[in-house]
Amino acid sequence: MSALLDHLPEFWQGLIVTLQLTAASFAGAAVMGLVIAAMRVSPVPVLRGIGTAYVETLQNLPLLVLLVLAVFGLPEIGLQAGLQVTATVVIALYEGAYIAEALRSGVNAVSSGQGEAARALGLNFTQSLRHVVLPQALRTVIQPIGNIFIALTMNTSLAAAVGVVELTAAANRVNLLEAQPIPIFVGAGVAYAVIAACAGFVTGRLERRLAVVR
Amino acid sequence: MYGNTLTYAGIIHYGPLYLRFRKKMAMIRVQGLNKWFGDHHVLRDIDLHVAQGEVVVVIGPSGSGKSTLCRCLNRLESAGSGEILIDGVPAPVEGRELARLRADVGMVFQSFNLFQHKTVLDNIMLAPMKVRGVSRAEAEKTARDLLARVGIAEQAGKLPAQLSGGQQQRAAIARALAMRPKVMLFDEPTSALDPEMVGEVLDVMVQLAADGMTMVVVTHEMGFARRAADRVVFMDDGQIVETAEPNAFFESPTTDRARNFLAKVLTH
Ligand SMILES: Nc1ncnc2c1ncn2[C@@H]1O[C@H](COP(=O)(O)OP(=O)(O)OP(=O)(O)O)[C@@H](O)[C@H]1O
Ligand SMILES: [Mg+2]
């Protein structure tokens, strides 16, 4: 226990980085997911093709491979960015594919009559998506997106493998000094669990608040 | 003197003639319309002219292409071949022009299709604000007027799911009217309703017809056809088989197909 308490500042710093990674990459993933989902349901075949290719590619590669490729590959082609920034972008692009799929299933769950009525009134594709279909789709996918958020939180620990000192890396460093893996990693695990529990609480609240009356 | 007479005569006759011409001008003009789903030929050489202010009832067996015809008129379905003109303007293929055409052609669906997440008032205000660029205050005023007109003013703040079917359909009619369309299409507007709610929706439609709206109505409600329609168009197997004035059509259809169909519908 003292191994934990003695190193609270390091843990705290790691937790801050984990929270930064989580928040920034989730925001990026949400934007990316929205764009890709819109492409996948658009009437333009080329856009649908690009959207599908994106999802298929990113869902079929391990995140760790993508992180390693980005961290070591990007400098090769002259793109230099900080480790944490690179990790954030890669996680956002990766999780964006999952969010896109969740949103698309939500869009498919909205009855086709809704989009048709919107178009019959003269709304264009973007307007009917934005004002009619997506607001209804979002309500049906709050739970799946909450789960993606939790998975994303856990996935940020992979950034440790490419040198970002987030919570897992911080715990690992402390363990190298103290050699007490059980209390140290239980402590880190509890911190992740608290983040996940908060996410679960928020999605539950949102779901009840926004439930679609049918 | 001679020239003066001509001018005089011209003024006198030009006005009424012009007005009569305007009135008779086809609001909807469908010429040689064909539509395929894959190799299923769903609409065959449809010719249909609907004058301004005219009310046309489309009737026919299930699968005869009535809905598809309606959907082609506002291009929810693309036509295979042929020509569709609304108020003299050919239906555009896509983009801004298409949105404008759709805004001019109101559509009421069998399943209402009110936006489930918006109140009745917001349902009606959305398109005028987003498509026509009307201000929120003006859109709300129009919406409240229309809700009063269809008799559900007190339901403005409710969600669609909190309304009865008849009220939902009247809200859907108000929503279409808010765009000030030139034409209204109704695809079996009362088929999804409990019998006791059919009347309230038909009353709104009869009133709309009396106010001079150009309407194409797919319905099997003979009462409505007799009360409000100028013409009945009978479709079978993708073709317009017979066109007649309502009483003539129901009392003495000229084709066997129409006779058979009416015999079946009227016995039920
Ligand atoms: N999206 C579609 N894809 C393939 N076939 C279709 C599609 N929509 C309609 N059809 C077919 O086209 C034909 C005409 O359908 P339509 O819905 O226009 O008939 P309808 O006269 O409105 O029938 P109902 O009285 O049952 O509503 C039917 O045979 C139907 O199966
Ligand atoms: Mg139909």
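The values are calculated or read from the model by the stated rules, or taken from the named source; none is laboratory data. This is a predicted model, so every value here is computed, not measured. Here the Cβ positions follow ideal geometry from the backbone for every residue, glycine too, while neighbour counts run over all protein chains shown. Quick note on the areas: whole protein, heavy atoms, side chains included, nothing else; ligands and nucleic acids left out. Shrake-Rupley method; radii C 1.70, N 1.55, O 1.52, S 1.80 Å.
Odds and ends about this structure:
Yes/no matrix, rows are residues, columns are (1) more than 11 Å from chain A (Cβ to nearest Cβ); (2) surrounded by 19 or more Cβ atoms within 10 Å (Cβ to Cβ):
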| site | (1), (2) |
| --- | --- |
| B:Ala103 | no, yes |
| B:Leu121 | yes, yes |
| B:Gly133 | yes, no |
| B:Gln155 | yes, yes |
| B:Leu159 | no, yes |
| B:Pro181 | no, yes |
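- Evaluating B:Asp230 against the criteria (1) within 16 Å of ligand 2 (Cβ to nearest atom); (2) open to solvent by 30 Å² or more (accessible area, probe 1.4 Å); (3) touching an Asp or Glu at 6+ places or on another chain (Cβ under 9 Å) leaves one unmet condition, (1).
- Test: residue in segment A:125-142 that is more than 30 Å from B:Met184 (Cα to Cα) and out of contact with any Leu (no Cβ under 9 Å at 6 or more places or on another chain): yes
- The set of residues from segment B:96-144 being within 16 Å of ligand 2 (Cβ to nearest atom) and not hydroxyl-bearing (Ser, Thr, Tyr) comprises B:Met107, B:Val108, B:Phe109, B:Gln110, B:Phe112, B:Asn113.
- Filtering segment A:1-23 to residues that are of a type in the set (Gly, Ala, Ser) and open to solvent by less than 50 Å² (accessible area, probe 1.4 Å) leaves A:Ala3, A:Gly14.
Here is a yes/no grid of residues against (1) charged (D, E, K, R); (2) more than 16 Å from ligand 1 (Cβ to nearest atom); (3) at pLDDT 95 or above; (4) closer than 22 Å to B:Val57 by Cβ:
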| position | (1), (2), (3), (4) |
| --- | --- |
| B:Ala139 | no, yes, yes, no |
| B:Gln167 | no, yes, yes, no |
| B:Leu177 | no, yes, yes, yes |
| B:Met184 | no, yes, yes, yes |
| B:Ser191 | no, no, no, yes |
| B:Pro195 | no, yes, no, yes |
| B:Thr214 | no, yes, yes, yes |
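- From the options A:Pro135, A:Pro181, residue that is surrounded by fewer than 20 Cβ atoms within 10 Å (Cβ to Cβ) and within 14 Å of chain B (Cβ to nearest Cβ): A:Pro135
- Of all residues in segment A:58-82, those that are within 15 Å of A:Ser157 (Cα to Cα) and either without any contact (Cβ under 8 Å) to a residue 40 or more places away in the chain or out of contact with any Leu (no Cβ under 7 Å at 6 or more places or on another chain) (or both) total 4.
- All conditions in (1) away from chain A (no Cβ under 14 Å); (2) within 16 Å of ligand 1 (Cβ to nearest atom); (3) open to solvent by 20 Å² or more (accessible area, probe 1.4 Å) hold for B:Asp203, with the sole exception of (2).
- Against the numbered list (1) among the aromatic types (Phe, Trp, Tyr); (2) open to solvent by 10 Å² or more (accessible area, probe 1.4 Å); (3) more than 26 Å from B:His40 (Cα to Cα), B:Phe261 comes up short only at (3).
- Pick from segment B:183-199, criterion open to solvent by less than 30 Å² (accessible area, probe 1.4 Å) and without any contact (Cβ under 8 Å) to a residue 40 or more places away in the chain, ranking: nearest to the chain's Cα centre (by Cα): B:Thr190
- Segment B:40-72 - residue that is touching a residue at least 24 places away in the same chain (Cβ under 8 Å), among the polar types (S, T, N, Q) and near ligand 2 (Cβ under 10 Å from one of its atoms) and, of those, surrounded by the fewest Cβ atoms within 10 Å (Cβ to Cβ): B:Ser67
- Given (1) open to solvent by 30 Å² or more (accessible area, probe 1.4 Å); (2) without any contact (Cβ under 8 Å) to a residue 24 or more places away in the chain, number of the condition A:Ala109 does not satisfy: (2)
- Segment B:232-245 residues that are at positive phi, paired with ones that are open to solvent by 10 Å² or more (accessible area, probe 1.4 Å) and within 14 Å of ligand 2 (Cβ to nearest atom) (beta carbon under 6 Å, 6 or more apart): B:Gly238/B:Val42
- When segment A:194-213 is filtered for residues that are surrounded by fewer than 13 Cβ atoms within 10 Å (Cβ to Cβ) and modelled with pLDDT of 90 or more, the ones remaining, listed by number, are A:Val194, A:Ala197, A:Phe201, A:Arg205.
- Scope segment A:155-214; condition among the small types (Gly, Ala, Ser) and in contact (Cβ under 8 Å) with a residue 60 or more places away in the chain; matching residues: A:Ser157, A:Ala159, A:Ala161, A:Gly163, A:Ala169, A:Ala170, A:Ala171, A:Gly187, A:Ala188, A:Ala191, A:Ala211
- Test: B:Met235 is open to solvent by less than 20 Å² (accessible area, probe 1.4 Å) and in contact with a Ser or Thr (Cβ under 8 Å, 6 or more places away or on another chain): yes
- Assessment of segment B:74-87 against the conditions (more than 14 Å from chain A (Cβ to nearest Cβ), within 16 Å of the chain's Cα centre (by Cα) and within 16 Å of ligand 2 (Cβ to nearest atom)) yields no matching residue.
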